[in-house]
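Working notes for the structure below.
The values are calculated or read from the model by the stated rules, or taken from the named source; none is laboratory data. Keep in mind the model is a prediction, meaning the values are calculated, not measured. Every residue, glycine as well, gets a Cβ built from its backbone with ideal geometry; the counts of neighbours run over all protein chains shown.
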Amino acid sequence: MQLIILGCGRAGRLLARAAVEEGHGVTVVDQDATAFDGLGSWFTGRRVTGIGFDRDVLLDAGVEHADALAAVTGADSVNVLVCLVARDEFRVPHVVARIYDPRQADVYRRAGITTIAPVSWGVTRITDLLWHTEWRVQLALGDGDVELVEAEIPHRLAGRFVDELNVSGEILVAAVTRAGSALVPFPGMALAEGDRVTCAVRSLSRDRLQAQLAR
């Protein structure tokens, strides 16, 4: 994969390192040439100095042949603009923009841009660890609209059927872990005390899942 990373801050450097370790070709773009000083001897890719939404800079970075672009500068508008240009003008297949204002996520989503809002997602994860100790989020999908959540089955639900936890379009039990072994649930499967269920849950349906487990 040929990856362009716009922004050589902490996130850009970490992403670049992960991509290099995976064997991908990486080009990092930043308007401040001194930002590249943070790239260690491990970095085998290219460095391009310039403003990311400048067409000539993107061409220099190899956008015409890029498989993916990640915009992780400190400016939401720049990140989204570069992703739009890369996707619409240069047909880059995969683009992702980091944003700091989660209130704009729906606007960008309607424009077809995948966004990551690390602050809001991080707050959600912290609250889970602090006071939702009976469950944990294993993976967030898309923009965090759907999560894979692992939850412990309380004793009061022992003997109930797995299907009773499912809610069409909102909650789906994907696996049951029992005595250390993970099972794909089958029709008529009963829950046992100590089971842990892995559910695909809409983020807006978290409260409904909690109600299902507490009933």
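What to note about this one:
- Residues in segment 2-42 that are in a loop (DSSP other than H, G, I, E, B) and either aromatic (F, W, Y) or not assigned by TED's automatic domain parsing to the domain that holds A86 (or both): W42 alone.
- Test for F186: is it touching a strand residue (DSSP E or B) at 6+ places or on another chain (Cβ under 8 Å), modelled with pLDDT of 85 or more and farther than 15 Å from L209 by Cβ: no
- Some residue of segment 140-148 being surrounded by fewer than 15 Cβ atoms within 10 Å (Cβ to Cβ), under 19 Å from the mean Cα position of the chain (by Cα) and of a type in the set (A, V, I, L, M, F, W, C): yes
- The requirement of being among the β-branched types (V, I, T), surrounded by 15 or more Cβ atoms within 10 Å (Cβ to Cβ) and either at pLDDT below 90 or farther than 23 Å from P118 by Cα (or both) is fulfilled nowhere in segment 69-81; no residue meets it.
- Cβ pairs under 6 Å, 6+ apart, first in segment 60-71 and in the same structural domain as R47 (by TED's automatic domain parsing), second small (G, A, S): V63/A86; L69/A86; A71/A97
- Those residues of segment 92-104 which are assigned to a strand (DSSP E or B), buried (at least 21 other Cβ atoms within 10 Å of the Cβ) and not small (G, A, S), in sequence order: V95, R98
- Here is the figure for segment 202-215: residues that are buried (at least 18 other Cβ atoms within 10 Å of the Cβ) and in a loop (DSSP other than H, G, I, E, B) total 0.
- Matching entry among V82, V107 (being within 26 Å of G144 (Cβ to Cβ), without any contact (Cβ under 8 Å) to a residue 24 or more places away in the chain and not in a loop (DSSP other than H, G, I, E, B)): V107
- The one condition in (1) surrounded by fewer than 18 Cβ atoms within 10 Å (Cβ to Cβ); (2) over 15 Å from G9 (Cα atoms); (3) hydrophobic (A, V, I, L, M, F, W, C) that A33 fails to fulfil: (2)
- If you go through segment 33-46 and keep only what is touching a strand residue (DSSP E or B) at 6+ places or on another chain (Cβ under 9 Å) and either among the acidic types (D, E) or within 19 Å of G23 (Cβ to Cβ) (or both), you end up with L39, F43, T44, G45, R46.
- Check on E89, over 24 Å from the mean Cα position of the chain (by Cα) and not β-branched (V, I, T): yes
- Condition check for G159: at pLDDT below 90 and either assigned by TED's automatic domain parsing to the domain that holds D207 or in contact with a helix residue (DSSP H, G or I) (Cβ under 7 Å, 6 or more places away or on another chain) (or both): no
- Single match in T177, T127 (criterion: surrounded by fewer than 17 Cβ atoms within 10 Å (Cβ to Cβ), at pLDDT 70 or above and β-branched (V, I, T)): T177
- Of all residues making up segment 49-68, the number that are β-branched (V, I, T) and crowded, with 19+ Cβ neighbours inside 10 Å: 1
- Selected residue (criterion: farthest from V146 (Cα to Cα)) from residues of segment 179-201 that are touching a Leu at 6+ places or on another chain (Cβ under 9 Å) and either of a type in the set (F, W, Y) or assigned to a strand (DSSP E or B) (or both): V197
- In segment 180-198, the residues that are more than 19 Å from G159 (Cβ to Cβ) and surrounded by 14 or more Cβ atoms within 10 Å (Cβ to Cβ): T198
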